[in-house]
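The next block holds one structure in the form of structure tokens; read it before the comments.
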Amino acid sequence: MKDYYNNKQALLSEIINKAENERILNKEEIIALLNSDGNLLCESADKIRKKYKGDFVHLRGLIEFSNICRCNCFYCGLRAENKKLDRYRLKENEILQCVKFAVNSGYKTVVLQSGEDLYWTSEKLCTLIKEIKKHDIAVTLSIGERSFEEYQAYKNAGADRFLLRIETTDKNLYKHLHPDMSFENRIQCLKNLKKLGYETGTGCLVGLPNQTIESLADDIIFFKELDADMVGIGPLIPHPDTPLANANKDNFDMALKVMAIVRLLMPDINIPATTAMESIRQNGRIIALNSGANVVMPNMTQGEYRKKYEIYPNKICINDSPEKCINCIKSKIESIGRKISETKGYRKDAR
Ligand code: SAH
Ligand code: SF4
């Protein structure tokens, strides 16, 4: 038994050394890391994060500007068929107020996130982006799938980054979970975003029913092949008003391991400690920041709207103000000896 344990640890060390030195692992090696307890892996990811990204943490202010969505993703509380959700759409001046608050609070990036809400035509979004870009702040969009021309228009209006998770690279699972969407189109969207020069973020959900360890390894390989500039990993949090209401809840540890492997294989990218991680594990974001992450996305959405942006249940800080969120996360970050970055935090920025 002891020999077995020692051999297993030796094999894990060997794989981690290879990842640290060569930045590449084959699928079997990734699977071995995903099947490990994650301790060595997270330690190594923390070391690599420090070496390539330093101790700075980038804050991205998240504005959840509409919870209206035309899609029906099986896992998400904003899905069109969820009739229990009270829908809202912020007005342009409300969004700009949030942006002003972000600028005054020292944020260098705002993330505009919403359901796939077609009220926001290209024209309206471009006007908004141009208005925001009058401030010295980077703009990230997270609004779902649009055409090449639309992505191009937002880019020309000044958008810097785009977040679009692939969610899973298991094609059959993707089709099952997204009845009215196309896997091929999602991949095409990501390629279009890269081609247009966006800093492109993607990522996956961890803990989907029938998702295998093998398919999580494929997800990681996909991020590397796409050369994603950001990768966000979300543990699935089952929402009671969705078809995945009864899915497994206990997805933190696996999500953390996926994230740590991404750091080893993609040492210079931006990796958020996701809100979903904090929502299911106390101090989840701090654990993530100590396991490879270098970004946090504090919620900037005001008042009642926070509760209504219910992608998943028990989201943290739904009764807090943006002021409280920024102070809380700053003190947590400083308590682990990390610093808040004062740059826009592009991938290529050294720190
Ligand atoms: N509509 C846009 C952006 C908003 S959704 C889009 O889909 O790209 C943002 C992310 O929330 C999704 O990419 C998904 O990974 C995550 N999400 C949705 N439902 C979730 C759940 N139940 N648990 C954890 N994350 C979830
Ligand atoms: Fe809509 Fe995004 Fe939720 Fe899918 S994940 S239902 S696209 S908000």
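A short reminder: the numbers here are calculations on the coordinates, not readings from a lab. In this text, all values refer to a predicted model and were calculated from it rather than measured experimentally. Don't worry about glycine lacking a Cβ; one is built from the backbone with ideal geometry, like all the others, and counts go over all protein chains shown.
Of the peptides 178-185, 297-304, the ranking by mean beta-carbon count within 10 Å, highest at the top, reads 297-304, 178-185. Treating each Cα of the stretch 156-211 as an identical point scatterer and summing with the Debye formula, the log10 of I(q)/I(0) at q = 0.29 Å⁻¹ comes to -1.17. Between 0 and 90 degrees, the angle of helix 148-157 with respect to the longest Cα principal axis of the chain falls at about 70 degrees.
Relative contact order of the stretch 1-126: 25 percent, from C-alpha pairs under 8 Å at least 6 residues apart in sequence. Can you tell me which aspartates and glutamates have their Cα less than 14 Å from the Cα of Lys83? Leave out same-chain residues fewer than eight positions away. Leaving aside aspartates and glutamates fewer than 8 places away in the same chain, those within reach of Lys83 are Asp241, Glu310. Taking all Cα-Cα distances within the chain, those exceeding 40 Å account for 8%.
If R0 equals 30 Å, the separation of the Cβ atoms of Tyr52 and Lys307 corresponds to a calculated FRET efficiency of about 0.20. Axis of helix 39-53 versus longest Cα principal axis of the chain: the two differ by about 50°, to the nearest ten degrees.
Normalising the average separation of contacting C-alpha pairs (under 8 angstrom, six or more residues apart) by the number of residues puts the relative contact order of the chain at 24 percent. Our summary gives the stretch 269-351 a relative contact order of 28 percent, counting only alpha carbon pairs under 8 angstrom and 6 or more residues apart. When you filter the chymotrypsin sites (Phe, Trp or Tyr not before Pro) in the stretch 97-140 for DSSP loop state and at most 14 other Cβ atoms inside 10 Å of their Cβ, you are left with Tyr119.
Each Lys and Arg adds +1 at its Cβ and each Asp and Glu adds -1 at its Cβ; summed about the Cα centre, the chain shows a dipole of about 780 debye.
Across the stretch 294-351, Cα-Cα distances exceeding 12 Å account for 71% of all pairs.
For Lys194, the aspartates and glutamates whose Cα falls under 13 Å of its own Cα, not counting residues fewer than eight places away in the same chain, are Asp160, Glu225, Asp227, Asp229. Can you give the FRET efficiency for Asn6 and Ile31, using 1/(1 + (r/R0)^6), R0 = 22 Å, r = Cβ-Cβ distance, to the nearest 0.05? Given R0 = 22 Å and the Cβ-Cβ separation, E is 0.60.
Stretching the chain fully between Thr212 and Ser331 yields a gain of 39.1 nm (0.36 nm per residue, less the alpha carbon separation). Cross-link pairs exceeding 32 Å between alpha carbons, from the set Lys134/Lys257; Lys47/Lys249; Lys307/Lys330; Lys191/Lys257; Lys50/Lys191: Lys134/Lys257. In the elastic network of the chain, a GNM with C-alpha springs shorter than 10 Å, the most mobile of Asn21, Asn67, Asn270 is Asn21. For the residues Pro235, Pro243, Pro272, a GNM of the chain with alpha-carbon springs under 10 Å puts the largest fluctuation on Pro243.
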